[in-house]
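The values are calculated or read from the model by the stated rules, or taken from the named source; none is laboratory data. Just so you know, these numbers come straight off a predicted model, no measurement behind them. Ideal geometry is used to build each Cβ from the backbone, glycine not excepted, and the neighbour counts take in all protein chains shown. Ligands, DNA and RNA are stripped out before the accessible areas are found, and what is left, the full protein with its side chains, is counted by its heavy atoms. Shrake-Rupley method; radii C 1.70, N 1.55, O 1.52, S 1.80 Å.
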Number of protein chains: 2
Amino acid sequence: MSDDDSLKVALTPSMEAYILHWGEMGPQWGVNRTVAQIHALLWIWSEALDADTIAATLGVARSNVSNSLRELRDWGLVKPANALGRRKELFTADKDPWEVFLQVLRERRKREIEPTLKALRGFVAMAEKEKSPEAVGAKKRMLELSELMEQLCAIHDTASALPPALLRKALKGGKLLSIFKS
Amino acid sequence: MSDDDSLKVALTPSMEAYILHWGEMGPQWGVNRTVAQIHALLWIWSEALDADTIAATLGVARSNVSNSLRELRDWGLVKPANALGRRKELFTADKDPWEVFLQVLRERRKREIEPTLKALRGFVAMAEKEKSPEAVGAKKRMLELSELMEQLCAIHDTASALPPALLRKALKGGKLLSIFKS
DNA sequence: CTGAATTTTCAGTAGCGACAGAAAAATGCA
DNA sequence: TGCATTTTTCTGTCGCTACTGAAAATTCAG
């Protein structure tokens with residue numbers, strides 16, 4: 001706590017606890033601690049914050065904040081808020097949990113699922129030339145896996161084509177669940 | 001490739017490519033490269049393999065395989081196959097992509113979602129005592145987030161209560177998608 | 001019970017990513 | 001256009017995790 005306290009934002013205990021917890025979760029979701037903490041801070045704090053304030057509040061280097069903010073922008077989770085009359089840039093995060101969730105889903109699909117699916121199809125093509133029994137079984141499995149991924153993508157496509165409000169309502173109301181039971 | 005080649009299993013090019021790719025994906029899903037590679041190998045290979053063979057095939061230390069296999073057993077992704085008359089233990093992975101996917105879902109829920117949900121409820125309780133406008137907004141958001149997680153858990157519960165075959169059929173047939181459109 | 005085969009644990013190492021701090025670049029007001 | 005403010009890039013360090021190889025423990029045949 002040797003930082004410039006004058007910039008710090010006054011976190012309540014619950015906010016601090018939340019930010020710390022989120023920071024621990026981050027690594028398991030493919031972003032590092034600082035990135036996750038910054039997102040947590042911007043998500044929980046109503047007003048937009050500038051980079052220096054974030055750095056002071058979280059007790060990390062200014063440069064670290066700069067890099068982390070870029071990553072969050074690449075993820076589509078943080079956007080610049082225009083600073084009326086302010087010199088410093090301000091940043092905010094979308095506050096709607098569903099939007100955040102769906103955005104992470106979109107991004108992970110783009111970054112991981114799609115490339116893997118493409119690679120998988122390549123492997124299947126490669127396996128066409130391989131005639132051993134082992135190779136035949138492997139090819140079959142790789143094909144099944146790619147089909148699974150395609151199905152998941154199709155579900156995602158349909159769901160994300162809907163107006164968000166409708167999607168949320170459908171899931172909340174348990175209407176979705178009924179389909180499984182019929 | 002200075003290992004004992006005599007134990008190695010003969011991977012086709014497509015298998016090798018698949019294992020390498022999976023190894024790269026692993027870290028983004030919360031397991032390290034070796035763990036992911038071993039799972040890929042056991043998944044793609046029809047017969048059960050012993051630890052030494054795995055080590056030789058992947059070119060990693062025997063002890064590394066031992067630890068990784070334990071982790072995979074903890075994830076419920078690999079199980080010992082009884083070695084009829086063999087001294088060495090053999091291991092296999094479930095070959096069904098859907099089963100693997102659902103198992104990962106189950107496990108991640110148990111390890112990450114549930115504890116976070118519990119923590120979140122604690123934070124909300126903590127926030128009850130905090131009366132500033134900022135704290136009120138934060139509490140509201142944390143509550144919304146916990147509700148989102150509860151809904152996702154409910155969907156997961158319903159889906160996993162079904163016989164697997166039925167679930168797969170529902171998803172494949174696109175029946176699921178229709179609910180969104182109505 | 002003894003000793004070989006096998007697995008697990010342990011301690012040390014190496015490599016990689018996160019991070020801080022300094023230097024460079026960019027921005028925008030006078 | 002010059003200068004102060006702010007942001008980004010760059011370089012080096014630190015810490016952590018994955019990994020190896022060796023030692024310890026376990027298992028099992030004879």
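Here are the numbers for the structure shown:
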{"item": "Residue in segment B:79-99 that is within 24 Å of A:LEU20 (Cα to Cα) and at pLDDT 95 or above present", "result": "no"}
{"item": "Complete set of residues in segment B:18-37 that are within 15 Å of DNA strand C (Cβ to nearest atom), modelled with pLDDT of 95 or more and touching a Gly at 6+ places or on another chain (Cβ under 9 Å)", "result": "B:ASN32, B:ARG33, B:THR34, B:VAL35, B:ALA36"}
{"item": "When residues of segment A:126-142 are limited to those that are among the charged types (D, E, K, R) and surrounded by 13 or more Cβ atoms within 10 Å (Cβ to Cβ), the one farthest from the other protein chains (Cβ to nearest Cβ)", "result": "A:LYS140"}
{"item": "Residue that is surrounded by the most Cβ atoms within 10 Å (Cβ to Cβ), among those in segment B:20-57 that are closer than 29 Å to A:LEU105 by Cβ and among the β-branched types (Val, Ile, Thr)", "result": "B:ILE38"}
{"item": "A:PHE91 vs. criteria open to solvent by less than 30 Å² (accessible area, probe 1.4 Å), more than 30 Å from B:TRP43 (Cα to Cα) and aromatic (Phe, Trp, Tyr)", "result": "yes"}
{"item": "Residues that are more than 12 Å from DNA strand C (Cβ to nearest atom) and either among the β-branched types (Val, Ile, Thr) or more than 17 Å from B:ASP94 (Cα to Cα) (or both), drawn from segment B:42-59", "result": "B:ILE44, B:THR57, B:LEU58, B:GLY59"}
{"item": "Test: residue in segment B:110-125 that is within 8 Å of chain A (Cβ to nearest Cβ), farther than 30 Å from B:ALA48 by Cα, exposed (fewer than 13 other Cβ atoms within 10 Å of the Cβ) and not hydrophobic (A, V, I, L, M, F, W, C)", "result": "no"}
{"item": "Subset of segment B:136-171 (residues that are touching a residue at least 24 places away in the same chain (Cβ under 8 Å) and among the charged types (D, E, K, R))", "result": "B:GLU150, B:ARG168"}
{"item": "Which listed residue, of B:ARG106, B:ARG87, is more than 14 Å from chain A (Cβ to nearest Cβ), away from DNA strand C (no atom under 11 Å from the Cβ) and either among the aromatic types (Phe, Trp, Tyr) or free of Cβ contacts under 8 Å to residues at least 60 places away in the same chain (or both)", "result": "B:ARG106"}
{"item": "Odd one out for B:PRO80, checked against (1) open to solvent by 50 Å² or more (accessible area, probe 1.4 Å); (2) within 14 Å of chain A (Cβ to nearest Cβ); (3) touching a strand residue (DSSP E or B) at 6+ places or on another chain (Cβ under 8 Å)", "result": "(2)"}
{"item": "Subset tally (residues that are farther than 21 Å from B:VAL31 by Cβ, more than 11 Å from chain B (Cβ to nearest Cβ) and under 17 Å from the mean Cα position of the chain (by Cα)) for segment A:4-54", "result": "5"}
{"item": "Residues of segment A:144-156 satisfying the condition of being open to solvent by 60 Å² or more (accessible area, probe 1.4 Å) and either at the interface with chain B (Cβ under 9 Å from one of its Cβ atoms) or within 13 Å of A:GLU99 (Cβ to Cβ) (or both)", "result": "A:GLU144, A:GLU147"}
